[in-house]
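The values are calculated or read from the model by the stated rules, or taken from the named source; none is laboratory data. The shown structure was predicted, so the numbers you read here are calculated from the model rather than taken from an experiment. When we count neighbours, we look across all protein chains shown, and the Cβ atoms used for this are built from the backbone with ideal geometry, even at glycine.
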Amino acid sequence: MNGVHDLGGMHGMGPIEIERSEPVFHERWEGRIFALNRAVGAWARWNLDASRHSRELIPPAEYLRMSYYERFLAGLIELIVQHGLASRAEIESGLPAPGSLKPVPALMANGVATFVAAGAPASRDLPVRPRFRAGERVRARNIHPATHTRLPRYARGRIGAIERDHGVFVFPDTNAHLRGEKAQHVYSVCFAARELWGSRAPEKDRVYVDLWDDHLEPA
Amino acid sequence: MTSRESAHRHQTVPSDPALRVKALESLLVEKGLVDPAALDALIDTYEHRIGPRNGARVVARAWCDPQFRQRLLSDATAAIAEMGFGGLQGEHMVVVENSATVHNLVVCTLCSCYPWPVLGLPPIWYKSAAYRSRAVIDPRGVLREFGLALPEEVEIRVWDSTAELRYVVLPERPRGTDGMSEEALAALVTRDAMVGTAKVAAGEAPGPS
């Protein structure tokens, strides 16, 4: 979707505010919502791509006003309701509906170390053929899906070269909508800064974007 | 009611997220969906166990051990796993190396992807609209804001983390550090140097962890 989350190349977002000796969490609730996202995500009713998309759906003015962890809260509430883990009425009242209790949480404290160490690899060991080879010239497709995509607007229609084939990965553009993993090759695609931003960009500078086969066409 | 108050009434999340999060946690715990001790353990992990000192150790080892450096550049996930680091948001790692002629900078323009196992959770500036918007269109301007002015002849490579690859910069080893131990070298390596918004200086006190 052409959302405000797709920030690459925008102007007017102000100076970068650098905080010295920044704590990991500034307030207690930030840590709690960070951890809640992981612990509720462990029920596997949705995936990481769906989780990202839930935050992209926050209306633009709200998205820019909110802090990172406020977006986590808004996104998690939508996912919980959408996937039936709790109803909006329960969230608003704070009272569980009768008969809705689970016997054991998906992630228990003694499982956290393993959960963190194992991660959730997005690569897939599948015999999918790459459509492109390292060094090949490609064009990022000029597409504007209203759904989730990891092809940023600034790269669309631009010509680059395949820098490296990273192997076969889940395709977020379908996976975010639980419409299948559609596993395919991911490449680092190298774009000259001048190709992206015009002739006034420094000649030598490059931007590398990780893109999937479905985002690319031969150039 | 002023328009500002009216806007507050209709926003998705009320202005006090602390209360909303507390209420949500209570509900989810009561429903048996969440173990509060698991939340404590997750928070403890990222506040105390996983952070940029991990990445600094990887960098220092690469400076001291040419074979490790080679493995790090060809298969970063495996090389970093040798040191016991990996897992969530570091399942697929890539290390990019700075030199006298190339400077690398890491960003995630679409959200805030960041290599957690080696750098911990990202600082606010990395997640800000200001950084995410400008790192790709004006990396030299961004670096100047961090106090790093690079000559025109240095090639800047910006890595936009649009997939599940997580990027870490291997900074240049500073001059005058020849006799230093790996441990002493690690103490010089800052988080920002591994994102690419700083260089490593010899004798510099570690920056914000």
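As for the stretch A:65-88, it holds no residue that is more than 29 Å from B:Thr190 (Cα to Cα), among the basic types (Lys, Arg) and either within 7 Å of another protein chain (Cβ to nearest Cβ) or within 14 Å of the chain's Cα centre (by Cα) (or both).
Among the residues of the stretch A:110-139, the ones that are aliphatic (A, V, I, L, M) and in contact with a strand residue (DSSP E or B) (Cβ under 6 Å, 6 or more places away or on another chain) come to 5 in all. Of all residues in the stretch A:81-124, those that are outside any loop (DSSP other than H, G, I, E, B) and under 28 Å from A:Val170 (Cβ atoms) total 11.
The condition of being within 14 Å of chain A (Cβ to nearest Cβ) and charged (D, E, K, R) holds for only one of B:Glu82, B:Glu30, that being B:Glu30.
Of the residues making up the stretch A:204-219, those that are at the interface with chain B (Cβ under 9 Å from one of its Cβ atoms) and either in a strand (DSSP E or B) or surrounded by fewer than 20 Cβ atoms within 10 Å (Cβ to Cβ) (or both) are A:Lys204, A:Arg206, A:Val207, A:Tyr208, A:Val209, A:Asp210, A:Leu211, A:Trp212. Please work out which residue is nearest to the chain's Cα centre (by Cα), limiting yourself to the stretch A:172-203 and to residues that are within 12 Å of another protein chain (Cβ to nearest Cβ) and of a type in the set (S, T, N, Q). Out of the qualifying residues, it is A:Asn175. When the stretch B:64-92 is examined, which residues are found to be in contact with a Ser or Thr (Cβ under 8 Å, 6 or more places away or on another chain), more than 19 Å from A:Cys190 (Cβ to Cβ) and not small (Gly, Ala, Ser)? The answer is B:Glu91, and nothing else. Among the residues of the stretch B:3-11, is any at the interface with chain A (Cβ under 7 Å from one of its Cβ atoms), modelled with pLDDT under 95 and surrounded by 14 or more Cβ atoms within 10 Å (Cβ to Cβ)? Within the stretch B:3-11, one or more residues are at the interface with chain A (Cβ under 7 Å from one of its Cβ atoms), modelled with pLDDT under 95 and surrounded by 14 or more Cβ atoms within 10 Å (Cβ to Cβ). Scanning the stretch A:94-131 for residues that are charged (D, E, K, R) and facing chain B (nearest Cβ under 8 Å) yields one hit, A:Lys102.
Is it fair to say A:Asp210 is charged (D, E, K, R), under 14 Å from B:Asp160 (Cα atoms) and touching a residue at least 40 places away in the same chain (Cβ under 8 Å)? The answer is yes for A:Asp210. Looking across the stretch B:60-99, the residues that are of a type in the set (Gly, Ala, Ser) and in contact with a Leu (Cβ under 8 Å, 6 or more places away or on another chain) come down to B:Ala60, B:Ala62, B:Ala79. With respect to the conditions (1) more than 20 Å from B:Val95 (Cβ to Cβ); (2) within 7 Å of chain A (Cβ to nearest Cβ); (3) touching a Ser or Thr at 6+ places or on another chain (Cβ under 7 Å), B:Ala130 falls short on a single one, namely (3).
Are any residues in the stretch B:42-69 in contact (Cβ under 8 Å) with a residue 12 or more places away in the chain and within 16 Å of the chain's Cα centre (by Cα), and if so, which ones? Answer for the stretch B:42-69, where residues must be in contact (Cβ under 8 Å) with a residue 12 or more places away in the chain and within 16 Å of the chain's Cα centre (by Cα): B:Tyr46, B:Ile50, B:Gly51, B:Pro52, B:Arg53, B:Asn54, B:Gly55, B:Ala56, B:Arg57, B:Val58, B:Val59. Kindly indicate whether B:Ala135 is more than 10 Å from every other protein chain (Cβ to nearest Cβ), touching a helix residue (DSSP H, G or I) at 6+ places or on another chain (Cβ under 7 Å) and small (Gly, Ala, Ser). Answer is no for this residue. Yes or no: the stretch B:90-99 includes at least one residue that is assigned to a loop (DSSP other than H, G, I, E, B), within 15 Å of the chain's Cα centre (by Cα) and free of Cβ contacts under 8 Å to residues at least 40 places away in the same chain. No; the residues of the stretch B:90-99 include none that is assigned to a loop (DSSP other than H, G, I, E, B), within 15 Å of the chain's Cα centre (by Cα) and free of Cβ contacts under 8 Å to residues at least 40 places away in the same chain.
Look at (1) of a type in the set (Val, Ile, Thr); (2) surrounded by fewer than 18 Cβ atoms within 10 Å (Cβ to Cβ); (3) under 11 Å from A:Leu79 (Cβ atoms) and you find that A:Val4 fails only one, number (3).
Of all the listed residues (B:Asp40, B:Asp65, B:Asp35), the sole one being acidic (Asp, Glu) and crowded, with 19+ Cβ neighbours inside 10 Å is B:Asp35.
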